[in-house]
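Working notes for the structure below.
What follows is calculated from the coordinates using simple rules that are stated; it is not laboratory data. No experiment lies behind these values; they were computed from the predicted model shown. Using ideal geometry, Cβ is built from the backbone for each residue, glycine included, and neighbour counts are taken over all protein chains shown.
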Amino acid sequence: MAAISNISLQFPGNLTDAKKDNNVLRLSFCSPRNTTNMSSEKRRFLSVSASYSDSPRKIDTANRVNVNGIHVAEAPLQAGKLANDPSAADEAIVTSLRGRFVEGKFVFRQIFVIRSYEIGPDKTATMETLMNFLQETALNHVTSSGIGGEGFGATREMSLRKLIWVVTRIQVQVQRYNKWGDEIEVDTWVDAAGKNGMRRDWIIRDHYTKEIITRATSTWVIMNRQTRRLSKIPEEVKQELLPFYLNRLAVPTEETDCEKIDKLTDETAQIRILSGLAPRWNDMDANQHVNNVKYIGWILESVPIEVLEHYNMTSMTLEFRRECTQSNLLESMTCPTARVMESNNNSKNRKPDMQYTHLLRLQQDKADVVRARTEWNFKQKHQ
């Protein structure tokens, strides 16, 4: 189902003239997918019944079920129940917005619609948009799991110990970028990464065709919120996470970018440097450091404009080295990679036309903040 802001309510004439039938008002919810010249069988409509009342009715989302031995939010109602239960329509909409558990309750799924302010000049979703979808799904996964605490994606045991999650590395592979109005579904799950880390994976699909559009994998560690020092995962936290671990890889092992990202310096040949990048208040997240997605825009600031115009970024690997706060000024550096990594491009479909190495560093002391590697393919090849 589409997000609520993209659902149109179609009333027969003036709402005030609509007929009440046993206190039930008939509504039609339709998908905002492109309907111009679209055959009728491709248009997806969902008719539901909602109780009519002069005063707003509170949505009840308190029902919970057992998932992997943990109390979590209830799975969505079946479509057939919508017409018989007045509260089913509200609950279905809430479920669409917040996501649900699927596949044996180990995978969390959320549906998004590409909005006009989430696309770039070529009318497709940007890498930053995709990363926002990944982040939102991950946070809602924790919230819906029943183990969420007060922190930004932290569990209850983590909140008690003033611990937060920080990402150390993330890799995103993009097969194609969706257009404005497309509906996608994002699946996410977690697994252990060594003794003191957690791996989170994602897969983005077309909501209707189920075509895989994007794959992503990431590694997370725990930091003390007050001291800003890394910490071992307490045993109590491990026990919270254990019921949700799923041994599955979104990015195949042979395509995982695990090679070290080279450090750029002022002496590196053919380098582009953009200085004076300043984090704004709205760039900070709830953990009081720059939101991970903001780094992508700063990285792309030093990429040649002709590359942005004529090539699609098909892969991005980010390696996070230190925190960045609002008081910091940054420099963005980009340099063409001298060689294309053979080990990461065994698949013919993933061989890039070009590759770049990037660095975000503090302007004052030149300390690394984020290292990155990107792969690009000519846009005409993917149209």
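For this structure, a couple of remarks:
- On full extension, the segment bounded by M284 and R322 gains 12.2 nm, given 0.36 nm per residue less the C-alpha separation.
- Cα-projected label distance for A367 with E301, points at 7 Å along beta-carbon direction, nm: 1.9 nm
- Highest average packing first - 237-247, 152-162, Cβ atoms within 10 Å: 152-162, 237-247
- Projected label distance in nm at L139 and Q175, using a 7 Å step from Cα toward the beta-carbon: 2.8 nm
- Net length available on complete extension from C258 to R228 is 8.2 nm, with 0.36 nm assigned per residue and the Cα-Cα distance removed.
- As a rough guide to protection, the peptides 361-371, 200-210, 178-188, 226-236 ranked by mean Cβ packing within 10 Å, highest first, stand as 178-188, 200-210, 361-371, 226-236.
- Gain on full stretching of the segment that runs from I273 to Q239 - 0.36 nm per residue minus C-alpha separation: 7.7 nm
- FRET E, pair K195, F152, Förster distance 25 Å, beta-carbon r, rounded to 0.05: 0.60
- At R0 = 51 Å, FRET efficiency that the Cβ-Cβ distance of V166 and R115 yields, to 0.05: 0.95
- FRET efficiency for the D353 to D266 pair, using the beta carbon distance and R₀ = 35 Å, is estimated at 0.80.
- In this structure, the pairs whose alpha-carbon distance is over 27 Å, taken from K105/K195; K162/K260; K123/K260; K162/K195; K123/K351, are K162/K260; K123/K260.
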